[in-house]
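Step one of this worksheet: look at the structure below.
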Amino acid sequence: MRFIFRPPAEHAAGLLSLPWDQPLEDWTDERLLEVAHRGISRHVVRFVEADGHVYALKEIDERLARREYRLLGRLEELGMPAVSALGVCVERPTVAGEDGGGTPQDAVLVTRFLDYSMSYRYVFSHGHTQRPTVQLIDAMVELLVRLHLAGLFWGDCSLSNTLFRPDAGGIAAYLVDAETAELHPSLTAGQRGFDIDYAAERVGGELFDLQAGGLLPDDVDPVEVAGELPRRYQALWEELTREELLQPDEQRYRVAERVDRINELGFDVDEIELKTTDDGVRLRVRTQVAETGRHRNRLYALTGLEVTENQARRLLNDLTSYRGYLEQKEGRSVPETVAGHRWRAEVYDKVMARIPESLADRLEPAEIFHEVLEHRWFLSERAGKDVGTTAAAKAYIDSVLPHTPSTLTLPGGDPLPR
Ligand SMILES: Nc1ncnc2c1ncn2[C@@H]1O[C@H](COP(=O)(O)OP(=O)(O)OP(=O)(O)O)[C@@H](O)[C@H]1O
Ligand SMILES: [Mg+2]
């Protein structure tokens, strides 16, 4: 048996004592976990906790396992929203068959469990959002566009092969299954078209399944929603990649406008190419896809917090208003870096310190903070005055967070001891 792990793999040591020589389906180890309503899969997929981290294990043909492991590694280098591969276990011993012969065992691909993630079935069964279908489709479209811009042909885009994570009131999507994916320098319209048509077909089928199980809201028509996917994809792709014809005098502001719009959509511009033509200057905007959001970087520089672009935008707004409050209270100007440190210590960390350990697995810390801000707005509206972050955090943690279910449990349904 051999294990191939990608450094840093210090956490992998705890995994080595698992019963790798036995079929994954037969494992009874106490470190195994259950994931509520996980996606539908052909392979045996199980989850384990080792050294405080959770991993997903998938038993799969060795050639495919190695391929998926390599590809997920490259997606991670590119900063793509996808699960992160830790390693593969190959050359496992044969298991004795009923006829006395041995059957060679498949390899096991180990990925890091995407923290706080939900499958689409979980989103629908827990009513996480008011309009789950629209949000899921938008998140998937954004994911597909991002992958396509990076040159990834997925070949198996579906709701089951996507994971979702709360993202400052919205939902962000991540690729979870890369078995069929291929990375190219860039994709042809045909390759992109295949992915989109295939995704629409699969999503339609998956929504019909939800409907049959009574999980789809009555007013959602699977065919209509599935048809929406290619339309939304085309609209976003067009916005990001279209070439524009500009007159020389409008160049400057139109370029700035275009870059702003692309940033607003959550994408970054790598390079701007301006070509002269007989009919004016043709503007060509090439978009970069690496997840290097402006807000994300700024929040990280100011506070050391690593969050998504949408969460960062939200948290920075709060930081700015805290800075204003400090300046007013202290009657002097407070530099942004100072305000960043103080906001982190006096506001953010204080809210986090209030979260009891038993509820820490419900939502990502930055997402809890976002929810506290929402709750503050809601309570302040009701009270007709600002209730403040501390009171809002207390009320949220006492009365809302305990009702947010955990997606990971021990077999039998008990919550994870953390
Ligand atoms: N790293 C991970 N983090 C969280 N959930 C995961 C992870 N890996 C797998 N899952 C869950 O397990 C499910 C099955 O995984 P996956 O799609 O890789 O299996 P599969 O058998 O290859 O699927 P398919 O039938 O599409 O080939 C996913 O839908 C997802 O819900
Ligand atoms: Mg799958």
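Per the conditions (1) modelled with pLDDT under 95; (2) under 14 Å from the mean Cα position of the chain (by Cα); (3) among the aliphatic types (A, V, I, L, M), the sole criterion not satisfied by VAL83 is (1).
For GLY39, the requirement of being of a type outside the set (Ser, Thr, Tyr) and closer than 28 Å to LEU210 by Cβ is met. Filter the range 175-212 down to the residues that are away from ligand 2 (no atom under 16 Å from the Cβ) and of a type in the set (Ser, Thr, Tyr) and list them by number. Scanning the range 175-212 gives SER186, THR188. On the basis of being within 16 Å of ligand 2 (Cβ to nearest atom) and small (Gly, Ala, Ser), does ALA172 make the cut? When the stated conditions are applied, ALA172 does not pass them. Taken over the range 368-400, the residue count meeting the criterion of being assigned to a helix (DSSP H, G or I) and either closer than 22 Å to GLN311 by Cα or under 26 Å from the mean Cα position of the chain (by Cα) (or both) is 22. Against the numbered list (1) at pLDDT 90 or above; (2) outside the structural domain of ASP221 (by TED's automatic domain parsing), SER158 comes up short only at (2). With the condition kept exactly as written, say whether any residue in the range 141-149 is part of a loop (DSSP other than H, G, I, E, B) and buried (at least 23 other Cβ atoms within 10 Å of the Cβ). No, because not a single residue in the range 141-149 is part of a loop (DSSP other than H, G, I, E, B) and buried (at least 23 other Cβ atoms within 10 Å of the Cβ).
Tell me, yes or no, whether the range 83-99 has at least one residue that is in contact (Cβ under 8 Å) with a residue 60 or more places away in the chain and within 30 Å of GLU238 (Cα to Cα). Scanning the range 83-99 turns up at least one residue that is in contact (Cβ under 8 Å) with a residue 60 or more places away in the chain and within 30 Å of GLU238 (Cα to Cα). For the range 9-44, taking the residues that are under 28 Å from GLY102 (Cβ atoms) and basic (Lys, Arg), the one that is nearest to the chain's Cα centre (by Cα) is identified as ARG42. In summary, VAL141 fulfils each of the numbered conditions (1) among the aliphatic types (A, V, I, L, M); (2) within 30 Å of GLY214 (Cβ to Cβ); (3) in contact with a strand residue (DSSP E or B) (Cβ under 9 Å, 6 or more places away or on another chain); (4) within 16 Å of ligand 1 (Cβ to nearest atom) with the single exception of condition (4). Of all the numbered requirements in (1) within 25 Å of the chain's Cα centre (by Cα); (2) within 26 Å of SER406 (Cα to Cα), GLY73 misses one, and that requirement is (2). Taken together, GLY169, GLY155, GLY101 contain a single residue that is at positive phi, surrounded by fewer than 23 Cβ atoms within 10 Å (Cβ to Cβ) and away from ligand 1 (no atom under 16 Å from the Cβ), which is GLY169. Answer with yes or no whether PHE47 is surrounded by 16 or more Cβ atoms within 10 Å (Cβ to Cβ), more than 16 Å from ligand 1 (Cβ to nearest atom) and in contact (Cβ under 8 Å) with a residue 60 or more places away in the chain. No. The criterion of being within 15 Å of ligand 1 (Cβ to nearest atom) and basic (Lys, Arg) holds for ARG112.
So that you can scan it fast, the table gives a plain yes or no per residue for (1) among the aromatic types (Phe, Trp, Tyr); (2) touching a Cys at 6+ places or on another chain (Cβ under 8 Å); (3) farther than 21 Å from ASN161 by Cα:
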residue	(1), (2), (3)
ASP195	no, yes, no
ALA199	no, yes, no
GLN211	no, no, no
VAL220	no, no, yes
GLY227	no, no, no
GLU238	no, no, yes
THR241	no, no, yes
LEU246	no, no, yes
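The strands (runs of 3 or more DSSP E) found entirely in the range 1-118 that carry 2 or more residues being within 16 Å of ligand 2 (Cβ to nearest atom) and touching a helix residue (DSSP H, G or I) at 6+ places or on another chain (Cβ under 7 Å) are 53-60, 107-112. Applying the set (1) modelled with pLDDT of 95 or more; (2) within 21 Å of the chain's Cα centre (by Cα) to GLN234 leaves exactly one unmet item: (2).
Here is a check on your reading of the model: is ALA150 more than 30 Å from LEU16 (Cβ to Cβ) and in contact with a Phe, Trp or Tyr (Cβ under 9 Å, 6 or more places away or on another chain)? The answer is no for ALA150. Remark: pairs (first residue in the range 326-342, without any contact (Cβ under 8 Å) to a residue 24 or more places away in the chain; second residue surrounded by 13 or more Cβ atoms within 10 Å (Cβ to Cβ) and part of a loop (DSSP other than H, G, I, E, B); Cβ separation under 8 Å; 6+ apart in sequence or on different chains) = LEU326/VAL334; GLU327/VAL334; ARG342/VAL334.
If you check ALA173, ALA178, which single one turns out to be of a type outside the set (Phe, Trp, Tyr) and either assigned to a helix (DSSP H, G or I) or closer than 30 Å to LEU373 by Cα (or both)? Within the list ALA173, ALA178, the selection yields ALA173.
Restricted to the range 317-367, and to residues there that are in contact with a strand residue (DSSP E or B) (Cβ under 9 Å, 6 or more places away or on another chain) and in a loop (DSSP other than H, G, I, E, B), the residue that is surrounded by the most Cβ atoms within 10 Å (Cβ to Cβ) is LEU363.
The values are calculated or read from the model by the stated rules, or taken from the named source; none is laboratory data. Because the structure is predicted, anything quoted here is derived from the model rather than measured. Neighbour counts are summed over all protein chains in view; Cβ atoms, including those assigned to glycine, are modelled from backbone coordinates with ideal geometry.
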